[in-house]
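Engineer: Here you go, one structure.
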Amino acid sequence: MVFELLAAAAPAAPQNKFGFLEALHQGGFIAYATVTILGIMSFGSFFILFTKWFEQSKIMNQYRDLRGNFWRAASLREGAAKLEKNSAWRQLVDDGLTAESAHGQMTDSLEAHDWLHGSLARSEATINSRLASGLPFLATVGATAPFIGLFGTVVGIYRALIAIGVAGSASIDKVAGPVGEALIMTALGLLVAVPAVLAYNYLQARNKRIGEMLVGFSTDVLANITSKGAIKPAVAAAAAKPAAAPAAAAAPKK
């Protein structure tokens, strides 16, 4: 009984009227719409970041396996059978073999070479275009998210000025809510834009590296086709050397 009386006599704790949810409620439709748009942008940015990262990592891992296994095959068709059907490297080889089958109708050897080179270049462009999908969204988010947050900031400052005009004085209880809302919108805009820009630059750098791999592999495929299988990259010859070493070591000494 005594504790109940003491609890009733104790002053109630002051309630925080200037929190995040309170600021959104005071901002009304514009505040909720701004936060929703920024939330969608943030979710889309992280979704693209992780999905493209996994896609790029898969292609890079396939390239490491490719360097050790593909060129050991007796022919391009045999090597292509070892690759995954939907991989970028399989697409390059298949397009090169398709172009080789079609170039027999050309009587000029120079035209045949240009046809093969152009076919592989088109295949590279298709793969690079697929890898670049989604990156424009990241660039758009990085460029526009701060301005969307700034729009919420402007609305919050405008509401603070209205509150000052209505009250006739710039008391803290009148302007704290709208100003807090304005600062929150600015922070949210930057919080969405910065990761999007970082993700865009990171994925672009990895795409550039993959593009270099595609060019190198395409050049090797073109050389192998035009030389009728005589030319293979040096990595294939280097991979074949360790196989001969045990035989040499096993030979008896004289």
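The values are calculated or read from the model by the stated rules, or taken from the named source; none is laboratory data. This one's a predicted model, so the numbers in the text were calculated from it and none came from an experiment. All Cβ positions, glycine included, derive from the backbone under ideal geometry; neighbour counts span all protein chains shown.
Engineer: Read through the list (1) surrounded by 14 or more Cβ atoms within 10 Å (Cβ to Cβ); (2) basic (Lys, Arg); (3) modelled with pLDDT under 85, then give the number of the only condition that residue 52 fails.
Structural biologist: The single condition residue 52 does not satisfy is (3).
Engineer: If I ask for residues that are in contact with a Pro (Cβ under 9 Å, 6 or more places away or on another chain) and either more than 22 Å from residue 194 (Cβ to Cβ) or of a type in the set (A, V, I, L, M) (or both), which ones from region 31-63 would you list? Don't jump to the end; show me each part of the working.
Structural biologist: First, pick out the residues of region 31-63 that are in contact with a Pro (Cβ under 9 Å, 6 or more places away or on another chain): 42, 45-46, 49.
Answer for region 31-63, where residues must be in contact with a Pro (Cβ under 9 Å, 6 or more places away or on another chain) and either more than 22 Å from residue 194 (Cβ to Cβ) or of a type in the set (A, V, I, L, M) (or both): just 49.
Engineer: State whether the residues of region 136-154 include one that is at pLDDT below 90, under 30 Å from residue 96 (Cα atoms), of a type in the set (Gly, Ala, Ser) and surrounded by 15 or more Cβ atoms within 10 Å (Cβ to Cβ).
Structural biologist: Looking through region 136-154, none of the residues is at pLDDT below 90, under 30 Å from residue 96 (Cα atoms), of a type in the set (Gly, Ala, Ser) and surrounded by 15 or more Cβ atoms within 10 Å (Cβ to Cβ).
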